[in-house]
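Peer 1: Can you keep this structure in mind? I'll have questions shortly.
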Amino acid sequence: MEKMYANVSAETVKVLHDPNIETQDVTSSGMAGRQQFAKSNHLKGAVVCLGLLCALLLAGITGLCVHYNRVAGDFEEEQTKLLTETDQLKGEIDNLQKKLLFMEHHFKMGWRHFGSSFYLFSTVEKTWEQSKQDCVRNGADLVIIDSREEQDFLPAATLVDNDGNIDERKNPENNWP
């Protein structure tokens with residue numbers, strides 16, 4: 001590019017484009033003024049680009065905030081579900097421990113477990129009414145056979161025949177062990 005020189009004469013004009021830009025004396029041809037104007041256009045372009053970048057950055061930050069809030073809300077919801085589930089599991093553990101203690105106590109006392117029931121085979125002879133009262137006192141009841149499996153479970157020593165009836169041959173005096 002050729003360097004251009006201008007002669008300064010009486011027709012010098014001062015050009016002010018921007019208060020922050022130095023003023024320059026130019027000739028009537030205005031060469032320096034055009035150069036200054038071109039520089040000014042480049043600065044305006046840079047400012048516009050920086051403004052657009054700031055707008056994009058702001059949009060990105062806003063998007064990230066929205067996403068973070070959504071994720072944080074999902075996290076809190078999941079945490080609440082897990083805490084509720086944990087409390088339920090702790091309750092189940094407590095119930096199972098109580099049942100275990102109940103079963104251990106009854107096993108030590110000679111009770112047998114079948115299905116969802118416990119059975120105590122007494123070796124003391126009593127009448128039906130005495131046996132019923134003894135069961136009620138212990139929070140139990142006399143056996144009622146509801147299934148073939150339960151009937152098979154009961155030992156041969158009981159006074160019940162295969163049909164679930166009292167076997168009078170084994171208990172002629174109507175006593176219940």
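The values are calculated or read from the model by the stated rules, or taken from the named source; none is laboratory data. This one's a predicted model, so the numbers in the text were calculated from it and none came from an experiment. Cβ atoms come from the backbone with ideal geometry, glycine included; neighbour counts cover every protein chain shown. Note: areas computed on protein heavy atoms with side chains; ligands, DNA, RNA excluded. Shrake-Rupley method; radii C 1.70, N 1.55, O 1.52, S 1.80 Å.
Peer 1: Suppose we look only past 22 Å in the calculated P(r) of the stretch 57-133. What percent of the Cα-Cα pairs does that tail hold?
Peer 2: 62
Peer 1: Past the 32 Å Cα-Cα mark, which pairs from Lys90/Lys132; Lys108/Lys132; Lys98/Lys132?
Peer 2: Where the Cα-Cα span goes over 32 Å, the pairs concerned are Lys90/Lys132.
Peer 1: Dipole magnitude of the stretch 36-103 about its Cα centre, charges +1 at Lys/Arg Cβ and -1 at Asp/Glu Cβ only, in debye to the nearest 20?
Peer 2: 520
Peer 1: Can you run phi through the Karplus equation (6.51, -1.76, 1.60; θ = phi - 60°) for the stretch 78-93 and list ³J(HN,Hα) in whole Hz, with x for Gly and Pro?
Peer 2: Karplus values, whole Hz, x for Gly and Pro: 5, 5, 5, 4, 5, 5, 5, 5, 4, 4, 5, 5, 5, x, 5, 4.
Peer 1: Sticking with this one: Taking amide H positions as placed in the peptide plane 1.01 Å from N, state which residues far from Lys126 in sequence (5 or more) or on other chains have amide H under 5 Å from it.
Peer 2: Residues meeting the amide H criterion: Trp176.
Peer 1: Sticking with this one: Could you look at the stretch 59-145 and say what percent of its accessible area is carbon and sulfur, using a 1.4 Å probe and all protein chains?
Peer 2: Of the solvent-accessible surface of the stretch 59-145, carbon and sulfur hold 59 percent.
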